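Here's the structure, in C-alpha cells; my notes come after.
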C-alpha cells in the first residue's frame with residue numbers, strides 16, 4: 001500500500017507501476033515537418049516497350065520539376081513495369097467460363113503500367129506550398145487520352161524526422177528517472193534503455209500533430225549480501 005501511494009506521485013509521463021523490471025515510455029507532441037501531395041499515373045497501350053517508355057518520360061518530367069530546388073522533394077512510392085491487362089471472366093452456357101472477348105480479340109493485348117509518388121514540401125509553406133505542389137503535378141499526361149490517366153490525391157501532413165527528437169526524449173527520460181527516485185523507497189535504482197538503438201516511436205494524432213515516444217525501464221538493484229565476518 002505504501003508503494004502504491006508513492007506511485008501516485010510519479011511524473012505523468014511514466015506509464016507503468018514502479019516494480020522490479022517495470023517498463024515505461026516518455027511521450028512528446030510535435031508538429032509535422034512536411035506537407036505532401038499523393039500522385040498516381042496509369043499508362044495503357046498495345047506496345048509494352050512504348051508503355052514503359054512513356055511512364056519513364058513522365059517520371060523524368062517530374063524529376064525535372066523538382067531538380068535543384070531545396071525545400072521541394074519528389075518521392076517515388078511504387079512503380080510497376082507494363083504488364084498485360086487482366087480481362088474479366090464471363091460464364092457462357094455449355095462452354096464454361098471464358099475470357100470476355102477472347103474469341104473476337106484473340107491476341108489483342110493491352111499493357112498497363114502504374115507509378116505512385118509523393119510530392120513533398122516543408123509544412124510551414126502551408127497553402128502556398130500546396131498550390132505549388134499542385135502545379136508541379138499538373139499536365140503530366142496527354143489531355144483527353146483514354147490511355148493515360150493521372151490522379152492527384154488529398155494533401156496530408158507527415159513527420160519525416162522523428163529521430164531528431166531522440167535527444168530531447170532521452171533528456172526527459174533522465175529527468176523523469178531522477179524525479180521518480182525521490183518518491184520511491186530508498187535503494188539502488190537502475191535506469192534501463194533496452195531499445196536505445198531502435199527507432200523513435202511515432203503516432204499520428206490528426207492534422208499536423210504527432211506523438212513521438214521512447215521506451216525505457218527502471219529496476220531496483222538488490223545489493224549482494226555481505227559475507228559474515230568471524
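The values are calculated or read from the model by the stated rules, or taken from the named source; none is laboratory data. Because the structure is a prediction, the values reported are computed rather than measured. We place every Cβ from the backbone using ideal geometry, glycine too, and count neighbours over all the protein chains shown.
Observations on the structure shown:
- If only residues of region 84-108 that are surrounded by 13 or more Cβ atoms within 10 Å (Cβ to Cβ) and either assigned to a loop (DSSP other than H, G, I, E, B) or modelled with pLDDT of 60 or more (or both) are counted, the one that is nearest to the chain's Cα centre (by Cα) is 87.
- The selection criterion, being within 17 Å of residue 58 (Cβ to Cβ) and either part of a loop (DSSP other than H, G, I, E, B) or out of contact with any helix residue (DSSP H, G or I) (no Cβ under 9 Å at 6 or more places or on another chain) (or both), does not hold for residue 136.
- Looking across region 47-75, the residues that are surrounded by 13 or more Cβ atoms within 10 Å (Cβ to Cβ) and within 24 Å of residue 158 (Cβ to Cβ) come down to 58, 59, 62, 65, 66, 72, 73, 74, 75.
- Scanning region 155-171 for residues that are within 27 Å of residue 56 (Cβ to Cβ) and assigned to a loop (DSSP other than H, G, I, E, B) yields a total of 2.
- For first residues located in region 56-68 and at pLDDT 95 or above, partners that are assigned to a helix (DSSP H, G or I) and surrounded by 12 or more Cβ atoms within 10 Å (Cβ to Cβ) and lie 6+ apart or on another chain with Cβ distances below 6 Å form the pairs 65/136.
- Residue list for region 164-194, filter: modelled with pLDDT of 75 or more and surrounded by fewer than 12 Cβ atoms within 10 Å (Cβ to Cβ): 167, 171
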